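The values are calculated or read from the model by the stated rules, or taken from the named source; none is laboratory data. What you are looking at is a predicted structure, and each value in this text was computed from that prediction instead of being measured. Here the Cβ positions follow ideal geometry from the backbone for every residue, glycine too, while neighbour counts run over all protein chains shown.
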Amino acid sequence: MEIILGLTAALGWGGGDFLAGQLSRRLGSFRTLFFAQIIGILALGVYIAVTGEYVTLTRVPAEAIIVAFVAALLNMLGAYCLYRAFEIGLMAVVSPICASYGALTAILAFFSGERLPAIRVIGVAAAVIGVLLTASLLTLFNPDVLHQRSLRRGIGWALAGALLYGVVFWVFGFAVTPYLGGILPVFLNRSTTFVVLFVVSLLTGASLAVPRKHEIAPVLTIGVLDTIAYVALLSGSVAGAVSIVTVLSSLYTTVTVVLAAFLLHERLHPSQWIGVGLILSGIVLVGM
């Protein structure tokens, strides 16, 4: 079951992040992230109210709820980093880098008691090398592309997003979903992000202008796909191994990169394709 749920998360994030990459360049990372939360809050809020699942909050240790809120804050930062990377960089570059969160979660899961076969260890190593090649070794071995800033923009944000997501999904899988299941944490995540961004906008004057008519549909679609992906991922963490479902979810980058290459005609330097290929190969090996 965790395999199906992991792949469902990959499809949801792949399509949602492709749209987010386009919309972030028009609305900005802050507004895109803010308005994408609304549909998840409404849909999951209705579900929790109808099913009475909110009662679970009164039956679990307070520590689990606190950890869930902390994880939600870290997840919000990770999402902002990813959207910011999409806003200023090439999706075909930043998406695979951020997708390496799966390798980090797998490592943390190992130290938390999940044992990985040798092939998964090889996959983790391949993903890490791919990230280094795409992000850093590009400039070391190809000095002629130092001035091609478009290839390097957003890499730092993507790396930050990968780190945050890797830690967040490990925390959710081992310290949150065993107590709250796969639905409540997503609702808390959405609600926390919405409230925090609203407060930040009041304090900083950041714009939260309502999207224009032709932008509403993409925002809602992003919210739907992103919410489905999170529910699938966290539900998969309950049903099976955290490392498996998380790594499979990180295959979303394949969807994003393919869409960017065919629909946006984004082009990469050959060495970056090697890095991207290693990342994807590593993700596949870790998921085996």
Take the residues of the range 15-38 that are under 21 Å from Thr204 (Cα atoms) and among the small types (Gly, Ala, Ser): which is farthest from the chain's Cα centre (by Cα)? Gly28
Per-region count, the range 226-262, residues over 30 Å from Leu116 (Cα atoms) and in contact (Cβ under 8 Å) with a residue 24 or more places away in the chain: 3
Those helices (runs of 4 or more DSSP H) lying entirely in the range 175-277 with at least 2 residues small (Gly, Ala, Ser) and in contact with a Phe, Trp or Tyr (Cβ under 8 Å, 6 or more places away or on another chain): 213-239, 242-249
Mind checking which residues of the range 9-47 are buried (at least 22 other Cβ atoms within 10 Å of the Cβ) and either small (Gly, Ala, Ser) or touching a strand residue (DSSP E or B) at 6+ places or on another chain (Cβ under 9 Å) (or both)? Ala9, Ala10, Gly12, Gly14, Gly16, Ala20, Gly21, Ser24, Ser29, Ala36, Gly40
Free of Cβ contacts under 8 Å to residues at least 24 places away in the same chain, under 20 Å from Leu234 (Cβ atoms), β-branched (Val, Ile, Thr) and out of contact with any strand residue (DSSP E or B) (no Cβ under 9 Å at 6 or more places or on another chain), is that true of Thr56? no
Boolean, Gly6 is small (Gly, Ala, Ser), in a helix (DSSP H, G or I) and within 14 Å of the chain's Cα centre (by Cα): yes
Surrounded by fewer than 17 Cβ atoms within 10 Å (Cβ to Cβ), hydrophobic (A, V, I, L, M, F, W, C) and closer than 22 Å to Leu163 by Cβ: which single residue out of Val70, Val50, Val60 fits that description? Val70
Checked the range 205-223 for anything under 19 Å from Val255 (Cβ atoms) and either polar (S, T, N, Q) or at pLDDT 95 or above (or both); matches are Thr221
